[in-house]
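Trainee: Would you mind keeping the following structure in view while I ask a few things?
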Amino acid sequence: RSPAGMLLLAAGLLLAVAAGGRGSPAGEQESPPGSRFVCTSLPLDAAGAGCPLPPVPMQGGALPPEEELKATVLQLRETVLQQKETIGSQRDAIRELTGKLSRCEGADGKSATGAWKNEVGKGKDTMGDLPRDPAQVIDQLSRTMQTLKDRLESLEHQLRANVSYAALPGDLREMLQRRLGDLERQLLSKVAELEDEKSLLHNETSAHRQKTETALNALLERVSELEKGNSAFKSPDEFKVSLPLRTNYLYGKIKKTLPELYAFTVCLWLRSSASPGIGTPFSYAVPGQANEIVLIEWGNNPIELLINDKVAQLPLFISDGKWHHICITWTTRDGMWEAFQDGEKLGTGENLAPWHPIKPGGVLILGQEQDTVGGRFDATQAFVGEMSQFNIWDRVLKAEDIMNIANCSINMPGNIIPWVDNNVDVFGGATKWPVETCEERLLDL
């Protein structure tokens with residue numbers, strides 16, 4: 001039977017003895033010899049009021065299984081302690097009751113022991129299965145208590161095992177997950193900060209690189225200009241244009257155009273390497289008039305100056321393959337003109353397109369004669385050779401100025417068209433080279 005049933009039997013026995021003793025409490029001195037006791041059987045259901053059972057924990061509560069198991073173990077521990085105290089306090093009472101049972105008789109005068117034996121023989125043991133020897137009862141209760149204690153220890157061990165291997169790893173996993181979540185959030189935050197810093201640094205680097213590249217490009221352009229101006233030519237005007245072949249595609253072009261002119265002076269150094277005729281050193285064409293100003297020596301004809309398609313033959317002789325300085329002046333008043341070679345005036349004339357102003361906005365070509373503005377070149381009229389120091393003024397220069405320019409005494413760039421590198425483009429294989437010094441050109445005469 002269960003320990004609770006054994007306790008109920010013991011409680012019923014105590015109540016019966018107490019009732020028979022007429023108020024003599026358990027633990028009093030044994031009654032004098034000859035005393036008589038009346039024993040009355042009590043039903044099992046009547047014993048519950050005098051001997052309360054320990055509370056049984058409710059199952060299926062809202063507590064977790066581990067907490068419910070802990071509460072059960074604690075209640076069982078309290079029950080064991082209470083039962084131990086009860087056993088200790090009632091051992092003397094049991095010894096006393098054992099002596100009294102031998103003299104206990106029922107209400108009808110029969111011996112209680114005999115009646116008890118009769119009841120046992122009939123199978124109606126109102127005391128339960130309590131053994132006849134009280135010492136056995138105590139031993140059985142002790143064994144029951146030990147068994148209950150062992151069960152409690154087993155439950156505690158199981159609880160510790162459950163807590164150690166189930167609850168704690170679960171809590172640990174939850175704690176680790178929380179910690180990993182925190183670390184992941186911190187890592188993502190740090191990565192976002194690094195991305196922002198990287199983006200800002202990239203933007204700053206791009207802006208700085210763009211500024212640096214712009215500065216470097218400007219510097220390179222400046223260096224290129226300086227190299228072009230200083231390495232190729234000692235000064236911007238110390239270069240020559242070379243036209244080595246008689247073709248219709250080699251030529252130079254002056255970037256600037258002419259304003260309206262009522263007088264002009266054109267000077268240049270040239271060296272021809274073709275015969276017969278040097279071709280066309282320069283030509284100026286405007287819309288509606290391809291021969292606005294032209295200097296040409298074609299075939300065996302003498303060198304000619306054309307203004308507005310009017311012609312004047314010049315007494316110049318420059319087809320010997322040497323450097324020569326040529327100057328031509330003209331004014332609209334009476335169409336007066338002058339021709340200078342190597343500083344000397346060799347010819348003059350008048351009635352060359354008198355009172356005709358030179359039209360502005362045309363195209364000035366070196367080495368080719370234009371049949372239309374800027375084009376339709378004729379190879380038979382092309383200049384073959386080299387030229388330099390092509391300058392135009394908007395007035396008639398004095399003879400002494402022309403002499404000084406020719407003998408290298410002074411350097412007078414044209415006030416309308418100066419001879420500078422950045423004002424001359426070459427096309428079709430024409431090239432620009434450093435020119436001989438003025439003194440070297442003089443020695444070539």
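The values are calculated or read from the model by the stated rules, or taken from the named source; none is laboratory data. None of these values were measured; they are calculated from a predicted model. Using ideal geometry, Cβ is built from the backbone for each residue, glycine included, and neighbour counts are taken over all protein chains shown. Surface areas here come from the heavy atoms of the whole protein model, side chains and all, with no ligands, DNA or RNA. Shrake-Rupley method; radii C 1.70, N 1.55, O 1.52, S 1.80 Å.
Trainee: Just to be sure I understand the model, the point goes 7 Å from the Cα along the line to the Cβ. What's the resulting Thr380 to Leu346 distance in nm?
Mentor: 2.5
Trainee: Using the Cα centre of the range 296-445 as the reference point, and only Cβ charges (+1 on K/R, -1 on D/E), how large is the resulting charge dipole? Debye, rounded to the nearest 20. It would help to have the intermediate numbers written out before the result.
Mentor: On the way: 10 positive and 22 negative charges, 81 e Å.
Dipole magnitude for the range 296-445 comes out near 380 debye.
Trainee: Leaving ligands, DNA and RNA out of it, work out the accessible area of Thr147 with a 1.4 Å probe and give it in Å² to the nearest 10.
Mentor: 80
Trainee: Restricting to DSSP loop positions (anything but H, G, I, E, B) with no more than 16 other Cβ atoms inside 10 Å of their own Cβ, which trypsin sites (Lys or Arg not before Pro) remain in the range 251-314?
Mentor: Details: sites: Lys253, Lys255, Lys256, Arg271, Lys310; in loops: Lys255, Lys256.
Of the trypsin sites (Lys or Arg not before Pro), the ones in loops of the range 251-314 whose Cβ has at most 16 other Cβ atoms within 10 Å are Lys255, Lys256.
Trainee: What pairs from Lys310/Lys432; Lys256/Lys398; Lys253/Lys359; Lys234/Lys255; Lys253/Lys398; Lys211/Lys234 go past 30 Å between their alpha carbons? Walk me through the numbers before you get to the answer.
Mentor: On the way: Lys310/Lys432 32 Å; Lys256/Lys398 25 Å; Lys253/Lys359 18 Å; Lys234/Lys255 22 Å; Lys253/Lys398 28 Å; Lys211/Lys234 33 Å.
From the list (Lys310/Lys432; Lys256/Lys398; Lys253/Lys359; Lys234/Lys255; Lys253/Lys398; Lys211/Lys234), the Cα-Cα distance tops 30 Å for Lys310/Lys432; Lys211/Lys234.
Trainee: Now, a different point. Please compute the per residue accessible area over the range 239-443 with all protein chains in place, 1.4 Å probe, rounded to a whole number of Å².
Mentor: Details: 8460 Å² over 205 residues.
Roughly 41 Å² per residue, with all protein chains present.
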